[in-house]
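The values are calculated or read from the model by the stated rules, or taken from the named source; none is laboratory data. Since we're looking at a predicted model, the values are computed, not measured. We place every Cβ from the backbone using ideal geometry, glycine too, and count neighbours over all the protein chains shown.
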Amino acid sequence: MDTMRERFASVVSRLLDDDPRLAVVLAEIGKDGFTDAARAHPDRVVNVGIREQLLIGVGGGLALTGMRPILHTFASFLVERPFEQVKLDFGHQGVGGVLVSAAGSYDWPAGGYTHMAPGDVALLDTLDGWTVHVPGHPDEAETLLRDAAAAGDDSVYVRLSAHSNSAPRDIAPGGFLTVREGRRGVVIAVGPMLDGVLTAVEGLDVTVLYATTVRPFDERAVRATAGAAAGGVDVVLVEPYLEGTSTAAVNDALADRPHRVLGLGIPRRELRRYGTIDEHLAGQGLDPVGLRERISAFLR
Amino acid sequence: MTFTDVHTGYGYDDLPRLMSLMTGDEKHGPAATSTLDVVWVLYDRVLRVSAEGVDAPGRDRFLLSKGHGPMAYYAVLAAKGFFPESLLAGFGAYDSPLGHHPDRVLVPGVEISSGSLGHGLPLAVGSALGLRARGLSGAAVWVLVGDAELDEGSNHEAIAYAGAVGLERLHAVVVDNGSASHGRPGGIAARFEAAGWSTATVDGRDHEALYEAYTAPHPGRPHVVVARVEAKV
């Protein structure tokens, strides 16, 4: 099985063949995957060098001429470093584009904190109108990337990860998937957290919703699930980025109903550990053992 | 946005009166007048853009990156019929489309929303790439930046990249009113030249000199015109 990033390169290379409106902009990172595409479409595969502010500005400029830009680099350099460009060169210009990140929160623990961006989705939450996809498997990444490329002039963020679930799910862009049903509460697992969550809640009487599009947040699915519960509902969010990023979205969805929310994810404090993804997840309390402990303690 | 009272046929001599209709942003006054001749000559003699063709895919693009002090820009757009002069008096008011920084979504003929420095040149690079990718290779992209604005690192990213790839349809005009606190060693043009740009440095009040510099051939290279005007006091 290929990785999400490898799938990104192969799928988007094919999309470039079919859709003359698409252009890919890179800042060195990921360029090897687009070698053939760059040869076939020299005007539509652009590598600006290690210049991340320019990466975003070029994307905005392409969009101003009617193109649909797809921009890719690590999340730290795509969203955090040039954040004001993201805010002004897309939204404030009234144009859209597709940002595709890699590395995310813990893809390269041995690389340390400089290559982690747990705050990316929370940052985009300060802006209007961004769709945010968080696939949990390369097949899902393909579905969501195709959807993002074809989404008119929308602004879309696709968060790719080296962390993946063992099997793809039958997702539809925009909606949460009910993976299992129960009565004691609802656990919302985002993207690559699903496998760990399912192991963690084994034997617990809870509903598990699988979210691969988190913005807009599928309020309908949350309300429908909460509606089946007697009295107040307990909701646990398990997100692969900053903890609590979607707590407000759950609160908004259930504003008129009694509910409690627990947001699990990457804490603000730096872990300052290297190692592997599994070690890092355990260190953050996001492995099945840690998740089970925290979810059980929260449920009534 | 459509207007019923747009007039054309204004000349350069009308600009001071049009500018005087705008009040409320006096702190940006020197920035506004520094660009007056530079913008006028572009719109009057160089750019292939008009109010009728404001959305034409193959039009030339003028991106005002230095978004503060846009009075000269608004005056020129009004003079060229992009919107009626009656809008100018509302400058900065709640129900006016004309802000102290321009918004492309609100003002016909305004290509980018600007104000925060260092965004126009990267957007211009992307626009030049986009027009080329769309096969609209006749369209020129112009971006106006201030000399102090060049301090922003994003501009250096854009200058280096555009020069390296020889982005021929990209043009910059730097209005130099000596407002940068820590200027460029060797002057502004040297910075662009080192990155592979074609350069010209002229008197930013001399219309013929500006026109000559604007229209100088620059095969295979982006082109910058440094327009020197009186120093900001």
Result of the Cβ filter at 9 Å on the range B:81-105, keeping first residues that are within 14 Å of chain A (Cβ to nearest Cβ) and partners that are of a type in the set (D, E, K, R), at least 6 apart or interchain, is B:Pro97/B:Asp103; B:Arg104/B:Glu111
(1) assigned by the TED database to the domain that holds A:Gly232; (2) among the basic types (Lys, Arg); (3) under 30 Å from A:Leu22 (Cβ atoms) all hold for A:Arg184 apart from (3)
_Kindly evaluate B:Gly53 against the criterion of being assigned to a loop (DSSP other than H, G, I, E, B) and touching a His at 6+ places or on another chain (Cβ under 6 Å)._
no
Of the residues in the range A:59-89, those that are under 21 Å from A:Ala103 (Cβ atoms), in contact with a strand residue (DSSP E or B) (Cβ under 6 Å, 6 or more places away or on another chain) and not in a strand (DSSP E or B) number 3
The residue that is nearest to A:Gly152 (Cα to Cα), considering only those in the range A:1-29 that are surrounded by fewer than 20 Cβ atoms within 10 Å (Cβ to Cβ) and of a type in the set (Gly, Ala, Ser), is A:Ser13
Note: among A:Gly57, A:Gly66, A:Gly49, just one is within 13 Å of chain B (Cβ to nearest Cβ), at positive phi, over 20 Å from the mean Cα position of the chain (by Cα) and touching a residue at least 24 places away in the same chain (Cβ under 8 Å), namely A:Gly66
Okay, strands (runs of 3 or more DSSP E) sitting entirely in the range B:119-212 with 1 or more residues that are in contact with a Lys or Arg (Cβ under 6 Å, 6 or more places away or on another chain), at pLDDT 95 or above and within 26 Å of A:Glu52 (Cβ to Cβ), I get B:141-146
Within the range B:114-127, the count of residues that are facing chain A (nearest Cβ under 7 Å), of a type in the set (Gly, Ala, Ser) and touching a residue at least 40 places away in the same chain (Cβ under 8 Å) comes to 3
Selection from the range B:128-175 of residues more than 19 Å from A:Val45 (Cα to Cα) and within 8 Å of another protein chain (Cβ to nearest Cβ) yields B:Gly153, B:Ser154
In the range A:166-187, anything touching a helix residue (DSSP H, G or I) at 6+ places or on another chain (Cβ under 6 Å), assigned to a loop (DSSP other than H, G, I, E, B) and buried (at least 21 other Cβ atoms within 10 Å of the Cβ) is listed as A:Ile171, A:Phe176
Selection over the range B:61-80 where residues are within 14 Å of chain A (Cβ to nearest Cβ) and touching a His at 6+ places or on another chain (Cβ under 7 Å) yields a count of 2
